[in-house]
Amino acid sequence: MTDETQHALPQGVSPAQFEAALGQLRALLGPENVLTSDEQLAPYTKVMMSDPDEKHMPGAAVLATSVEQVQGVLKICNQFKTPVWPISTGRNFGYGSAAPGTRGQIVLDLKHMNKIIEVDPVLCTALLEPGVTYQQLWNYLKENDIPLWLSCPAPSAIAGPVGNTLDRGVGYTPYGEHFMMQCGMEVVLANGEVLRTGMGGVEKSNTWQAFKWGYGPYLDGIFTQSNYGVVTKLGIWLMPQPPAYKPFCIQYEDEGDIDTIVEMLRPLKLNNIVPNAAVIANVMWEAAAVIPRSKYYDGTGTTPKEVLEEIKQKEGMGAWNVYAALYGTPEQVEVNWNIVKKAVEATGKGKLITEEDTGDREPFRYRAQLMKGDMTLQEFGLYRWRGGGGSMWFAPVSQAKGSETKAQMELAQEILNEYGLDYVAEFIVGMRDMHHIVDVLFDRSDPGETARAHECFTKLLSEFGKRGYAVYRVNTGFMEQTADLYGKVKRDVDQTLKRALDPNGIIAPGKSGIFV
Amino acid sequence: MSRKSKYSLLAVALVALAACGSTSDTTQAPGKGKLTYLGKESIPKDKAEMVFQQTCMACHATGVGPVILGRDLPPEAIKLFVRHGNRAMPAFTEAMIDNETLDRVAEMVSKSKAPATQAAQ
Ligand SMILES: Cc1cc2nc3c(=O)[nH]c(=O)nc-3n(C[C@H](O)[C@H](O)[C@H](O)COP(=O)(O)OP(=O)(O)OC[C@H]3O[C@@H](n4cnc5c(N)ncnc54)[C@H](O)[C@@H]3O)c2cc1C
């Protein structure tokens with residue numbers, strides 16, 4: 001099975017050099033923790049984006065179990081100039097999954113570093129190793145009767161807080177902006193030194209997970225969406241379980257209502273009436289969670305408008321479906337519920353739906369689970385909408401203004417439809433911004449459709465870019481193009497930091513468009 | 001890295017599965033009233049049982065993935081799907097689900113009886 005001569009090699013690394021590095025890695029980690037056979041690497045090569053697999057083929061994968069081993073790995077990589085691509089739980093679906101940004105990099109898989117080092121039920125904080133999954137943490141809290149809630153992304157159970165937070169991912173509770181709720185990290189630098197950020201550098205400090213900023217320049221940010229170090233511990237804040245929780249949905253009939261919805265929601269969010277990262281999901285996103293598109297349409301191109309109308313009628317869905325929740329004491333929830341009801345009434349349209357109306361019915365159920373940080377994989381239904389396992393998130397940031405979200409919606413629709421693809425979209429409500437999330441779905445087993453999806457994504461980035469809109473995160477196939485949108489000076493500074501912290505460029509070359 | 005071998009293996013697995021009954025989707029019956037959330041009692045003690053319940057069934061008992069229970073699926077084919085993923089199914093590394101646990105999960109799936117909802121269809 002193992003064919004040592006056939007490794008995907010990183011640029012500029014000879015087979016002999018690569019083999020020598022693998023030899024040293026085997027000595028350090030044990031041969032069972034250096035994966036090179038096709039069979040072992042297969043799960044690291046499964047990507048969903050339009051780039052060919054070959055471009056992101058790992059040369060090997062190595063499993064480290066301690067900080068010392070991570071230091072050892074980086075030392076060997078420096079010696080042989082072989083780059084590594086660190087992953088925590090490796091579930092970056094639609095952004096590159098577990099595969100490296102460029103061909104031949106060795107995946108540094110930290111899944112086995114999975115200790116829940118500490119959960120402080122008083123300060124409501126946790127200190128975690130990278131391999132901890134949300135499910136593992138959820139189980140731990142339940143088993144120990146600790147009344148704290150997680151905030152997780154939709155792949156919850158199988159993804160993890162460290163990887164998600166390092167990629168600045170989002171969840172759906174009041175703690176949904178994950179990097180905002182992160183506090184303190186431990187980073188192994190390319191030279192082998194171990195940095196603790198924030199209060200973590202102070203000897204005997206007990207405030208590492210309590211105070212984010214520490215002293216002097218705040219460094220945590222430069223270790224997110226970057227390639228300046230390998231994070232081996234991360235602190236996060238957890239939300240105390242509120243005495244009352246009230247999830248609800250508001251359906252709006254027309255696509256154009258997005259303007260009204262955003263104008264209604266912004267004050268509720270800014271004033272903390274609706275404290276969570278609420279979502280505004282369009283009809284296709286909503287439908288995908290429960291049915292395949294083929295139930296109503298068996299064509300291959302863009303889903304026609306009449307079909308969407310039919311789905312809205314028969315499945316009881318809105319053109320836009322707002323999911324939000326109230327948290328607090330029963331009294332607080334009641335007061336806030338009245339405020340929400342009045343705000344919806346004032347729009348002159350919109351249908352309010354509560355738990356009492358739907359019970360355990362999907363998609364309400366999974367939304368209610370996500371907004372309290374429970375585990376659910378229901379949203380993977382998105383992949384049976386068109387089938388074929390192709391997915392790239394197009395995630396431009398928008399101002400939280402109705403006119404802006406409407407303009408972005410129209411532009412995205414126009415471009416997607418030009419390529420026969422669907423506008424499967426949601427807006428995740430931030431304080432002053434919206435993460436406009438479009439799942440560019442395509443049949444990856446169809447080369448023609450894959451090529452169209454690639455062109456479409458390129459155009460989405462460039463046309464949005466021309467109007468001053470850029471994505472907050474992107475898959476590994478489009479990191480350069482995205483970095484360009486943020487300007488030359490930003491790229492130069494990113495590179496200056498890279499050269500200072502990792503002069504041999506051995507950590508994740510290409511991440512966010514950064515090379516040494 | 002040979003992709004050919006990957007796809008031919010999956011092709012064999014797919015043919016094997018095609019012989020094992022239909023892949024209907026399970027849309028659940030609408031309910032009114034209260035939402036039920038999972039608690040401590042939902043957490044299995046056994047490792048393979050945990051993977052089966054908290055990972056596989058989170059997709060395969062909810063209509064996200066096809067029904068895989070009660071179809072006499074061959075364990076080898078099940079393992080290929082888990083390791084390679086296929087189309088809409090994500091792949092799972094050894095670091096995520098070790099070989100021994102996967103052997104047991106594949107056994108459990110292979111020998112399972114059809115769930116009640118499936119029988120009713
Ligand atoms: C149906 C569906 C819904 C989704 N919904 C959401 C959502 O709601 N919110 C959301 O944010 N995402 C979402 N995603 C995208 C993605 O699956 C999640 O963000 C997921 O949490 C990322 O995978 P992970 O947690 O395993 O992180 P990883 O894959 O481990 O890490 C992500 C990236 O961070 C970097 N990194 C990881 N660990 C380290 C480390 N230790 N040191 C240095 N760098 C590191 C690497 O570049 C890595 O590629 C969704 C995907 C799907 C398929």
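None of the figures in this text is laboratory data; all of them are computed from the coordinates on show. Treat the numbers as computed from the prediction; the structure is a model and nothing was measured. We place every Cβ from the backbone using ideal geometry, glycine too, and count neighbours over all the protein chains shown.
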Between A:GLU54 and A:GLU331, the two model label points (7 Å from Cα along the beta-carbon direction) sit apart by a distance in nm of 6.9 nm
Compute the angle between helix A:258-270 and the longest alpha-carbon principal axis of chain A, please, reported from 0 to 90 degrees and rounded to the nearest 10.
70 degrees
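Once the Cα gyration tensor of segment A:458-504 is diagonalised, what are the square roots of 5 times its eigenvalues, in whole Å and ordered largest first, as equivalent ellipsoid semi-axes?
Numbers: eigenvalues 113, 28, 10 Å².
Over the Cα atoms of segment A:458-504, the semi-axes work out to 24, 12, 7 Å.
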Over the alpha-carbon set of chain A, work out the extent along each principal axis and list the three values in angstrom, largest first.
69, 57, 44
Is there a pair in A:LYS314/A:LYS341; B:LYS40/B:LYS113; A:LYS342/A:LYS406; A:LYS55/A:LYS511 whose C-alpha atoms are over 18 Å apart, and which pairs would that be?
A:LYS314/A:LYS341; B:LYS40/B:LYS113; A:LYS342/A:LYS406
For segment B:43-103, what size does the Cα cloud have along each of its three principal axes, sorted from largest down, in whole Å?
26, 22, 21
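Across peptide A:34-41, how many C-beta atoms of other chains are within 10 Å of each residue C-beta, on average? Don't skip to the end; give the middle numbers.
Values: counts 0, 3, 1, 1, 6, 7, 4, 3.
Mean shielding count: 3.
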For peptide A:375-387, how many partner chain Cβ atoms fall within 10 Å of a residue's Cβ, on average?
5
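Classify segment A:244-466 from the C-alpha gyration tensor, please: rounded if a/c falls under 1.5, else prolate or oblate depending on whether a/b exceeds b/c.
Numbers: a/c = 1.96, a/b = 1.55, b/c = 1.27.
Cα axes put segment A:244-466 in the prolate bin.
Give the calculated FRET efficiency between B:ASP72 and A:LYS142 to the nearest 0.05, with a Förster radius of 22 Å applied to their Cβ-Cβ distance. Don't skip to the answer; put the middle values down first.
On the way: r = 34 Å, r/R0 = 1.56.
FRET efficiency, B:ASP72 to A:LYS142: 0.05.
Per residue, what volume in Å³ does the Cα convex hull of segment A:6-125 take up? Provide the component values of the computation, followed by the final result.
Details: hull volume 13.9 nm³, N = 120.
Residue-normalised Cα hull volume stands at 116 Å³.
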Pairs of Cα atoms farther than 21 Å apart, segment A:365-516, %
54 percent
For segment A:356-432 and segment A:219-262, write down the distance between their C-alpha centroids in whole Å.
14 Å
Under the 7 Å Cα-to-Cβ spin-label approximation, A:LEU352 and A:ASP446 lie apart by a distance in nanometres of 4.3 nm
Using a 10 Å cut-off on Cβ atoms, rank the peptides A:210-216, A:137-143 from the highest mean neighbour count down.
A:137-143, A:210-216
Students often check this: by mean Cβ neighbours within 10 Å, which of A:380-388, A:410-418, B:52-60 ranks highest, and how do the rest follow?
A:380-388, B:52-60, A:410-418
Alpha-carbon centroids, segment B:90-116 and segment A:278-347: separation in whole Å:
35 Å
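Cα-Cα pairs above 21 Å in segment A:66-169: how many percent? Write down the numbers at each step before the final one.
On the way: 2180 of 5356 pairs.
It works out to 41 percent of all Cα pairs.
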Given the -39500 (n - 2.57) contribution per DSSP H run of 4+ residues, what per-residue ellipticity at 222 nm results for chain A, rounded to the nearest 500 deg cm²/dmol?
-10000 deg cm²/dmol
List the aspartates and glutamates whose Cα sits under 18 Å from the Cα of A:LYS233, skipping any in the same chain fewer than 8 residues away.
A:GLU68, A:ASP109, A:GLU118, A:ASP120, A:GLU129, A:ASP167, A:GLU186, A:GLU193, A:GLU203, A:ASP220
Quick one: angle between helix A:488-501 and the longest Cα principal axis of chain A, in degrees between 0 and 90, rounded to 10, please.
40 degrees
Rounded to the nearest 10 degrees, what's the angle between the helix A:402-418 long axis and the longest principal axis of chain A, both from Cα atoms, 0 to 90?
70 degrees
